[in-house]
Amino acid sequence: MADESTLPDKRARFEALALPHLDAAFNLARWLARDDQNARDIVQEAYLRAYAAFDGLRGDNARPWLLAIVRNTCFTWLARNGAASAQVEYDDEIHGATAAQGDPETLALRADADRVVDAAIERLPLEFREVIVLRELEDMAYKDIAAVLAIPVGTVMSRLARGRRLLARYLAAERSGA
């Protein structure tokens, strides 16, 4: 058990290293669980697990370590609770994105394009969706994605390339009305 005098130090260090990645953790959980409320529960459980295992973190780059915990917690949660029965559609207005600048027509077109891209990402098989989310939405480096997914960097690059091609195919089909 930790010495009582080190608990405030542990908490402060955890808050400094882990809390800045809360949005990324929620984003990953939401894309994997496909449900906002389940993602909140998963992130809460993951942060509890991360805090309990925080002494095992080496260095100060908590993001890959934390997102790996979120990913593993998500898969455990989904196996325990089943896939989300009620799918919640992602909506920028509801989920906190800042309002874009421009006239109403431009905003409507941008919102429509966002919905199309989100729907295409949602259709991706999990192994491609998670690398697309981590690279394109969370802007993570390949080596960090590899650490989160516990796979080689070459596999990250391969999945990313295949995921991008599949995503492009989905978007082209949407444009052609297929």
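What nm value, rounded to one decimal, do you get for the distance between ARG40 and LEU57 when each label is placed 7 Å out toward the C-beta?
Result for the modelled spin labels: 2.4 nm.
Can you sort ASP60, ASP114 by how many other beta carbons sit within 10 Å, fewest first?
Placing the least packed residue first, the sequence is ASP60, ASP114.
Counting Lys +1, Arg +1, Asp -1, Glu -1, what net charge surrounds ARG129 among other residues with beta carbon under 12 Å of its beta carbon? Intermediate values should be presented prior to the final figure.
Numbers: positive: ARG30, ARG34, ARG71, ARG123, ARG135, ARG159, ARG162, ARG164; negative: ASP118, GLU122, GLU127, GLU130, GLU136.
Value of the local net charge: +3.
Defining a contact as two alpha carbons under 8 Å apart and six or more residues distant in sequence, what relative contact order in percent does the range 1-88 show?
Details: 65 pairs, mean separation 33.0, N = 88.
So the answer I get is 38 percent.
Please give the per residue volume of the convex hull enclosing the alpha carbon atoms of the range 1-88, rounded to a whole number of Å³. Don't skip to the end; give the middle numbers.
Working: hull volume 8.0 nm³, N = 88.
In the range 1-88, the Cα convex hull volume per residue is 91 Å³.
Between ALA111 and SER158, what is the label-to-label distance in nm when each label sits 7 Å out along the Cα-to-Cβ direction?
Between ALA111 and SER158, the label points sit 4.2 nm apart.
Just so you know, all these numbers are worked out from the coordinates, no wet-lab data involved. Bear in mind the structure is a predicted one, so any value in this text is a computation, not a measurement. Neighbour counts are summed over all protein chains in view; Cβ atoms, including those assigned to glycine, are modelled from backbone coordinates with ideal geometry.
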